[in-house]
Every structure is written in C-alpha cells, then in structure tokens.
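Note sheet for the following structure.
The values are calculated or read from the model by the stated rules, or taken from the named source; none is laboratory data. Bear in mind the structure is a predicted one, so any value in this text is a computation, not a measurement. Positions of Cβ are generated from backbone atoms using ideal geometry, with glycine treated the same way; all protein chains shown enter the neighbour counts.
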Amino acid sequence: MAAVLSDSSPEHVLVAAADGNIWFINWTSGEGSEVPLMNCGHEIFDVAVESVELGGSTREVLLVLQKQESSKAQIVAYDDIALASAEGTLLHTIDGSPQQLRAAASARVVVVAAGTALHIGLLKNKSKNVAAISDFQYRFYSFNLPDLVASLDIQTVTRPTKKGGIELQQVDIAIGGARGAIYIYADISNKLPFESSQPKAGFIHARKFHWHRRAVHAVKWSSDGNGP
C-alpha cells in the first residue's frame, strides 16, 4: 500500500494497493473510495506525483513503481488521459528488488531505492513544455549505499533557462538507513558520471549522522532545506 497527496488538489490523496488498484480519494469527505480510478495490472510498490507542463497546460502526472517479474520493477508514468485508459508510459526498468520511489522538480529527477542501491534518473529534455509523457526520456545512474534503505527524501534547486526551459542545478538526497543512520548526499546530480556511457556511478561519499538505535522509517528535508 502506498499513498501520496495530490500535487494540484490538496484535499485529494492518491492511494495505490498491492493488487494494482489506484484510488483518487477526497480525504475530507471519503468521496472516491468506493471504486478505484484504475488497475495497472501489476503489484504496486510505491507511487509519486508531480505537476508537469504537458502540451502547454499544467497536468498532474502519476509515477508508479510496479512489479515486472521476480526482482524487477518498472517506473510507469500516467497523466489524466493515461489513467482513464490504464495505459501508461514506461520510463525505466530496475533490477534488485526496488521498493521506494520519489520524484521532484516536475519529474525532472526520479529516485528509486532498491536494497542497498540507489537509482537516479535525470530528465534529458530541459525545455519547460513537454508535449506528452511519451516524450519523457531519462538517463539513469546507480550506486551502492552503505546500508539498506528504510526511507528517503529529495530536494532540488532549479533555475529558468534563456529559452524558457528549466535547468536542474542541484539534487540533495537524504537516506534513512536500516541500522539507524541518516546519510546525506549533497549535490548528488553534479557527482554523477555524465561523460561516461556506464550507468554505474561507483562509490559516492555521503555525510553520515548516526542518531538512532533502530531503522529510520521516515526522513524529510526541513522547509528551509538546511537539513533533514
């Protein structure tokens, strides 16, 4: 089971069940809880939602981390049209039993945790307006972590380009570890091997905070962005 607040309608929450059903529920009234919005046909591990400019208008895009086979999972994107037809756009396939999905900066960065590995996808298209979700193309990188991921959160810094697009300047990731530590990967987007054709990033140093005796099941960046 996974749930995320709607990015465009704060009184609604998107709820996804392991059987593939997804609901769009008004949490103030309960409306929408009777019948699911759609069924993706696969077991769902996690969901994320982002507001994205598509075809000249801002629309909500749902990202679903859904099981493919054994230890593999797929990231699939749905806008309102795709939700009605239950036919999303495949963004990436990930090995290693992925379990958690996060997105930020209008889906310009997508992060998936899979055991002791982190997968980071950066949108190739920097233009502000993407015609359709089928135009989403990412370059993914992965690297190993010092612990199993119990929770994660991301924050970003963006700036407008001269051509009216959006440039992703910085991505910071906070990881809650299964053994009680919090790991901070600051400015991770500028430490990835952009010039390499290999998606494996190798070792990337993290700042470690060991504040807990047990697993950190929730971590969140503060509103001022100075720390988790």
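Taking the stretch 67-142 and the strands (runs of 3 or more DSSP E) fully enclosed by it, the elements with 1 or more residues that are in contact with a Gly (Cβ under 8 Å, 6 or more places away or on another chain) are at 72-78, 89-94, 109-114, 117-123.
Scanning the stretch 45-78 for residues that are of a type in the set (D, E) and at pLDDT below 90 returns E53, E69. Tallying residues that are assigned to a strand (DSSP E or B) and closer than 14 Å to Q99 by Cα within the stretch 143-161 yields 5.
Rundown of residues vs (1) at pLDDT 90 or above; (2) farther than 20 Å from V47 by Cα; (3) not in a strand (DSSP E or B), yes/no style:
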site	(1), (2), (3)
G164	no, yes, yes
I173	yes, no, no
Y183	yes, yes, no
S189	no, yes, yes
